[in-house]
Amino acid sequence: MTSAINRTRGITLATNMTIAVTFFTRLRGLLGRRPEEFSTGEGLWIFPSKGVHALGMRFAIDAVYLDRNYRVVHCECGLRPGRLGAVCKRAAGVLELPAGTVVSSQTQVGDLVVFGGAGELR
């Protein structure tokens, strides 16, 4: 199991993350999931990616754009279904989280996010 932690704030963003690194997994993203399947503690790391969309989705999401050093370069809060998120040239990947996660965790531009699994952080 992989987790995402905002090291700057000392708070866990996701404890059950899926990683999308192939063309097809990035393209599919969260499509087809029901809101109850993407609740608190869930996350999707899309890499590489400079932007995301919520076309065809059934629920809003938060999107945290990270650079190659895993620093937050942009946050998109409450991206509603049918909408396009920002395209961020500085982003290397995007972490999709349940709507409200960015606000509740106080995640901001400049924060460092680390990924961990099996008790090991990177």
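The values are calculated or read from the model by the stated rules, or taken from the named source; none is laboratory data. Remember, predicted model here, so these are calculated numbers, not experimental data. Cβ atoms come from the backbone with ideal geometry, glycine included; neighbour counts cover every protein chain shown.
For the range 36-56, the set of residues classified as more than 18 Å from Gly116 (Cβ to Cβ), touching a Leu at 6+ places or on another chain (Cβ under 9 Å), surrounded by 21 or more Cβ atoms within 10 Å (Cβ to Cβ) and not β-branched (Val, Ile, Thr) consists of Phe38, Ala54, listed by residue number.
For Leu84, state whether it is of a type outside the set (Val, Ile, Thr), within 18 Å of Ala99 (Cβ to Cβ) and touching a Ser or Thr at 6+ places or on another chain (Cβ under 6 Å). It is false that Leu84 is of a type outside the set (Val, Ile, Thr), within 18 Å of Ala99 (Cβ to Cβ) and touching a Ser or Thr at 6+ places or on another chain (Cβ under 6 Å). When the residues of the range 11-28 are narrowed to those that are polar (S, T, N, Q) and either at pLDDT 90 or above or touching a strand residue (DSSP E or B) at 6+ places or on another chain (Cβ under 7 Å) (or both), which ends up surrounded by the most Cβ atoms within 10 Å (Cβ to Cβ)? That would be Thr18.
Sub-6 Å Cβ pairs linking a first residue in the range 63-79 that is in contact (Cβ under 8 Å) with a residue 24 or more places away in the chain to a second residue that is aromatic (Phe, Trp, Tyr), at least 6 apart or interchain, are Val73/Tyr65; His74/Tyr65, ordered by first then second residue. Flag: Thr18 matches the condition of being of a type in the set (S, T, N, Q) and either free of Cβ contacts under 8 Å to residues at least 40 places away in the same chain or within 16 Å of Gly100 (Cβ to Cβ) (or both). Within the range 94-105, residues that are touching a residue at least 12 places away in the same chain (Cβ under 8 Å) and over 16 Å from Arg9 (Cα atoms) have Cβ atoms under 6 Å from residues that are polar (S, T, N, Q) and not in a strand (DSSP E or B) in these pairs: Val94/Ser49; Pro98/Ser39; Pro98/Thr40, counting only partners at least 6 apart in sequence or on another chain.
Filtered by the rule that a residue be modelled with pLDDT of 95 or more, within 16 Å of Leu30 (Cβ to Cβ) and of a type in the set (D, E, K, R), the range 42-98 gives Glu42, Asp62, Glu76, Arg80, Arg83, Glu96.
Tell me yes or no: at least one residue of the range 76-94 is touching a helix residue (DSSP H, G or I) at 6+ places or on another chain (Cβ under 9 Å), surrounded by 20 or more Cβ atoms within 10 Å (Cβ to Cβ) and either under 17 Å from Thr18 (Cβ atoms) or among the basic types (Lys, Arg) (or both). Scanning the range 76-94, I find no residue that is touching a helix residue (DSSP H, G or I) at 6+ places or on another chain (Cβ under 9 Å), surrounded by 20 or more Cβ atoms within 10 Å (Cβ to Cβ) and either under 17 Å from Thr18 (Cβ atoms) or among the basic types (Lys, Arg) (or both), so the answer is no.
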